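Engineer: Following this message is one structure expressed as structure tokens.
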Amino acid sequence: MHLKNSKIIIIKIGSSLLVDADRKIRKKWLTSFAKDIKKLKSKNKKIVIVSSGAIALGCKKMNYNKTNLRLDKSQAIASIGQIELMNLFSQTFLKFKLNISQILLTLEDTEERRRSINAKRTFENLFELDYIPIVNENDTIATSEIKYGDNDRLAARVAQIIGADTLIILSDVDGLYDKSKKKNIIRTVSKIDSNIYALVEDKKNSYGSGGIMTKLDAAKICMNSGSQMLIANGQKLNPLKKIFENNNYTRFVPKISTLAARKKWIVSSISSSAKIYIDDGATKAINNGKSLLPAGIIRVLGNFKKGENILIVDKNNNELARGLSSFSSIEIQKIKGLQSSQIENILGYSSKSEIIHKDDMVKL
């Protein structure tokens with residue numbers, strides 16, 4: 001059992017586990033789930049639950065069809081449903097003397113370092129108070145441009161921020177299947193490469209709204225930040241107990257990582273699509289652990305502000321590193337290809353000589 005040495009465990013549950021196809025709440029399932037959580041708590045495990053279901057429960061209460069909702073209406077429905085969701089957890093968990101709290105996060109809460117640190121402190125204080133945080137995306141204010149859109153990646157990002165040992169994604173399948181006729185489960189994944197992506201036949205199969213691709217994205221975040229991730233079938237009663245009794249799940253093995261917390265946050269970013277293209281000389285320098293200087297920059301793709309998380313790529317579009325830019329995209333456009341000594345004359349003010357300092361950069 002891979003939970004024995006896990007001190008902090010995150011469990012992600014989808015809305016289909018809470019509400020069935022007939023829009024009936026699966027109260028018996030949730031009670032059995034709470035019993036599993038009680039057992040983990042008795043072993044001094046710190047638990048976080050990432051739960052979908054606000055919109056589903058809001059639609060149930062208002063008798064709306066989720067598929068026809070406009071964004072502004074779905075935000076209102078999420079606001080109504082979030083209370084229903086927390087009441088459901090509160091009433092169920094109270095039977096087992098489990099204290100719960102609510103944390104609603106947006107993409108910006110995890111992608112801005114200052115806010116992610118604040119979130120980390122909140123989790124730590126709730127653990128000290130012996131409360132179980134129940135996390136969801138803040139769908140009441142999130143728009144399509146600034147949202148995760150799925151709780152798989154949100155759960156992985158929370159795992160990275162708080163240094164969780166394990167993330168368990170409860171799905172409606174037993175794990176990641178191979179391509180054999182029997183559809184056997186792949187027990188262990190140590191590297192997500194083309195062989196793993198080749199297994200994804202239907203990117204929106206039975207994995208719920210997020211799809212298998214978002215689960216692989218989540219696994220990459222976990223593996224890069226030192227957390228193991230499991231995909232398992234959560235539909236049966238006492239889902240956690242059944243999973244480990246039957247040893248039925250796919251485990252994504254974390255890479256042995258000595259990255260500092262700051263660098264873990266950098267490498268796990270999923271928010272920015274901006275890129276800095278660099279020449280062969282700068283590529284060699286970065287591979288040797290050096291900072292990125294303006295002289296080696298060929299071009300800039302995308303608009304970004306100072307301090308944003310940027311992808312560094314070589315001229316063949318190979319991803320080399322991620323880092324926090326000391327300059328905005330507008331500034332870099334003006335000084336790219338120049339020597340550091342020319343920066344002040346071009347911009348009209350003194351600044352750092354490095355576009356991205358090596359301490360703010362993680363090689364991929």
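Engineer: Just to be sure, is Ser350 open to solvent by less than 80 Å² (accessible area, probe 1.4 Å) and among the hydroxyl-bearing types (Ser, Thr, Tyr)?
Structural biologist: Here the answer is no, as Ser350 does not meet what is asked.
Engineer: Out of (1) touching a residue at least 60 places away in the same chain (Cβ under 8 Å); (2) assigned to a strand (DSSP E or B), the odd one out for Gly175 is which?
Structural biologist: (2) is the only condition that Gly175 fails.
Residue by residue, here is whether (1) within 25 Å of the chain's Cα centre (by Cα); (2) over 20 Å from Leu40 (Cβ atoms) holds:
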position	(1), (2)
Leu69	no, yes
Glu84	yes, yes
Lys97	no, no
Asp109	yes, yes
Arg114	yes, yes
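Engineer: Let me ask something else. Is it fair to say Asp172 is touching a strand residue (DSSP E or B) at 6+ places or on another chain (Cβ under 7 Å), open to solvent by 10 Å² or more (accessible area, probe 1.4 Å) and modelled with pLDDT under 90?
Structural biologist: Yes, satisfied.
Engineer: Let me ask something additional. Run Ala142 past the list (1) open to solvent by 20 Å² or more (accessible area, probe 1.4 Å); (2) at pLDDT below 90 and report the number of the one that doesn't hold.
Structural biologist: Of everything listed in (1) open to solvent by 20 Å² or more (accessible area, probe 1.4 Å); (2) at pLDDT below 90, Ala142 misses just condition (1).
Engineer: Take Thr140 and decide whether it is polar (S, T, N, Q), part of a loop (DSSP other than H, G, I, E, B) and touching a residue at least 12 places away in the same chain (Cβ under 8 Å).
Structural biologist: Yes: the conditions hold for Thr140.
The values are calculated or read from the model by the stated rules, or taken from the named source; none is laboratory data. For clarity, every value in this text was computed on a predicted model and none was experimentally measured. Positions of Cβ are generated from backbone atoms using ideal geometry, with glycine treated the same way; all protein chains shown enter the neighbour counts. In case anyone asks, the SASA skips ligands and DNA or RNA and just uses the protein heavy atoms, side chains included. Shrake-Rupley method; radii C 1.70, N 1.55, O 1.52, S 1.80 Å.
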